[in-house]
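Colleague: Have a look at this one before I ask anything.
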Amino acid sequence: MKKPEVYNFDSKPDLRGNLTFLEELKDVPFEVKRVYWLYALPEQQVRGDHAHKTGEQVIIAVQGKIEVLLESQKGELFNCTLDKPDKGLYIPPLWWGKMIFSKNALMIGLASDEYNEDDYIRSRKDFR
Ligand code: TYD
């Protein structure tokens, strides 16, 4: 059973600013098939509230702050705050995820699969 994990990506800060980067299969544990981003959300907006059957994700708050609450089918909890652009969270399959966004938060998501609604579990009852 894969576990959630917080990643600290390499950065190159210099006088011109900061640059952070990641590579598939090296800094994230899968081939990146899809990238999506969430922005212009109302403050304290809750997103997610679902799990994926097989899809893996890494999410990054490139701006602002995102509180993430994860729960496994056994009821294990993993909570974290993404508040730095060089920090990412690995979300394994079969972990229910809920994200709460600060004002101006900008989230980038990297996914191991192409979008497929059949990979979503959207019912808490089905999940547990
Ligand atoms: P959803 O994953 O439910 O949003 P969130 O978890 O952030 O609350 O996606 C919202 C809608 O966008 C839903 O109709 C599916 C669609 N969607 C895509 O078409 N492609 C994608 O890559 C993603 C992430 C969502």
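Values in this text are rule-based calculations from the coordinates and carry no lab data. Remember, predicted model here, so these are calculated numbers, not experimental data. Glycine gets a Cβ as well: all are built from the backbone with ideal geometry, and neighbour counts include every protein chain shown.
Colleague: Does the stretch 74-92 hold any residues that are buried (at least 17 other Cβ atoms within 10 Å of the Cβ) and either under 19 Å from Pro42 (Cβ atoms) or of a type in the set (A, V, I, L, M, F, W, C) (or both), and which are they?
Modeller: Within the stretch 74-92, Phe78, Leu82, Leu89, Ile91 qualify.
Colleague: Something else now. Pairs only if they're at least six apart or on different chains, beta carbon under 7 angstrom, first in the stretch 99-128 and farther than 24 Å from Leu41 by Cα, second part of a strand (DSSP E or B) and more than 10 Å from the ligand (Cβ to nearest atom); list them, first residue then second.
Modeller: If the second residue must be part of a strand (DSSP E or B) and more than 10 Å from the ligand (Cβ to nearest atom), the pairs left are Phe127/Ala51; Phe127/Trp96; Phe127/Ile121.
Colleague: Please state which one of Asn104, Asn18 is exposed (fewer than 12 other Cβ atoms within 10 Å of the Cβ) and either more than 16 Å from the ligand (Cβ to nearest atom) or not in a strand (DSSP E or B) (or both). So that I can check it myself, show each step before the final result.
Modeller: Values: Asn104 fails: exposed (fewer than 12 other Cβ atoms within 10 Å of the Cβ).
When all the criteria are applied, what remains is Asn18.
Colleague: Name the one entry in Thr54, Thr81 that is within 13 Å of the chain's Cα centre (by Cα) and either assigned to a strand (DSSP E or B) or more than 12 Å from the ligand (Cβ to nearest atom) (or both).
Modeller: After ruling out the rest, the residue left standing is Thr81.
Colleague: Can you tell which of Asp49, Asp27 is loosely packed, with under 13 Cβ neighbours inside 10 Å and either over 24 Å from Leu94 (Cβ atoms) or of a type outside the set (Lys, Arg) (or both)?
Modeller: Asp49
Colleague: Checking the structure you have, find out if any residue of the stretch 57-73 is in a strand (DSSP E or B), away from the ligand (no atom under 16 Å from the Cβ) and either surrounded by 18 or more Cβ atoms within 10 Å (Cβ to Cβ) or free of Cβ contacts under 8 Å to residues at least 40 places away in the same chain (or both).
Modeller: Yes, the conditions are met somewhere in the stretch 57-73.
Colleague: Let me confirm something: among Pro42, Pro13, which residue is farther than 21 Å from Lys98 by Cβ and surrounded by fewer than 12 Cβ atoms within 10 Å (Cβ to Cβ)?
Modeller: Details: Pro42 fails: farther than 21 Å from Lys98 by Cβ.
Answer to the selection: Pro13.
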